[in-house]
1. Could you say whether any residue in the range 9-27 is closer than 16 Å to Gly103 by Cα, assigned to a loop (DSSP other than H, G, I, E, B) and modelled with pLDDT under 75?
2. Restrict the check to the range 40-49 and report whether at least one residue is farther than 30 Å from Cys128 by Cα, basic (Lys, Arg), out of contact with any Lys or Arg (no Cβ under 6 Å at 6 or more places or on another chain) and at pLDDT below 70.
3. In the range 99-145, what residues are modelled with pLDDT of 80 or more and of a type in the set (Gly, Ala, Ser)?
4. I'm checking my understanding of the structure. Among residues of the range 103-144 that are basic (Lys, Arg) and exposed (fewer than 11 other Cβ atoms within 10 Å of the Cβ), which one is nearest to the chain's Cα centre (by Cα)?
5. Within the range 63-88, which residues are at pLDDT below 70 and over 18 Å from Ile40 (Cα atoms)?
6. Taking Val92 and the conditions (1) at pLDDT below 75; (2) under 23 Å from Cys30 (Cβ atoms), which numbered condition does it fall short on, given that it satisfies the others?
Amino acid sequence: MQALSRLSRAEKVFFLVADEEDNDDVYIVCFNMKKEKITILDSIEDKTKKKRMCQYFNETNLEQKASKISKFSFKLTKKACYGNMEGMGVGVIAMRQLETFKGNLNTWKMDLNKNDVNGLRMLCVRYCYEMLTSDHNQVAVEVKM
């Protein structure tokens, strides 16, 4: 219950969502609680995503949140499309989106170019290093550079 209390005080809440029906569809939902709007960053335009998010809240006994969120304005962007890259790095691209998106599509710069396989690999190395050496990793390893 304490986590829900903190959630209600948050300005922006981000969810990384993996679509159960399409394993390659990973997208980000940004709930701007102060401005009462939802932004979905996805390469696939699907107008049912807001409805499905509210259904999820209802199914998990968060009806009050679903009721409030269903009234938010809604924007879906295809700006997050960076090419197929043969199925590579969907999760890494989503991590980069979470890292760089601050809630404003007009000023958002992700610093990853379309089909930038080398840039994707470098991000993958960086994220792996950070996870391996994190203080939060109970089995952290010493990595020599």
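The values are calculated or read from the model by the stated rules, or taken from the named source; none is laboratory data. The shown structure was predicted, so the numbers you read here are calculated from the model rather than taken from an experiment. Ideal geometry is used to build each Cβ from the backbone, glycine not excepted, and the neighbour counts take in all protein chains shown.
1. Of all residues in the range 9-27, those closer than 16 Å to Gly103 by Cα come to 10-16, 27.
Those still in the list that are assigned to a loop (DSSP other than H, G, I, E, B) too: 10-11.
Imposing the further condition that a residue be modelled with pLDDT under 75 reduces the set to none.
Within the range 9-27 (the criterion being closer than 16 Å to Gly103 by Cα, assigned to a loop (DSSP other than H, G, I, E, B) and modelled with pLDDT under 75), the answer is no, since none of the residues qualifies.
2. Yes, some residue in the range 40-49 is farther than 30 Å from Cys128 by Cα, basic (Lys, Arg), out of contact with any Lys or Arg (no Cβ under 6 Å at 6 or more places or on another chain) and at pLDDT below 70.
3. The answer is Gly119, Ser134.
4. Looking only at the range 103-144, we keep the residues that are basic (Lys, Arg), and these are 109, 114, 121, 126, 144.
From the residues that got through so far, the ones that are exposed (fewer than 11 other Cβ atoms within 10 Å of the Cβ) too are 109, 114, 144.
Details: Lys109: 15, Lys114: 18, Lys144: 31 Å.
Ranking the candidates gives Lys109 first.
5. Of everything in the range 63-88, those that are at pLDDT below 70 and over 18 Å from Ile40 (Cα atoms) turn out to be Glu63, Asn84, Met85, Glu86, Gly87, Met88.
6. (1)
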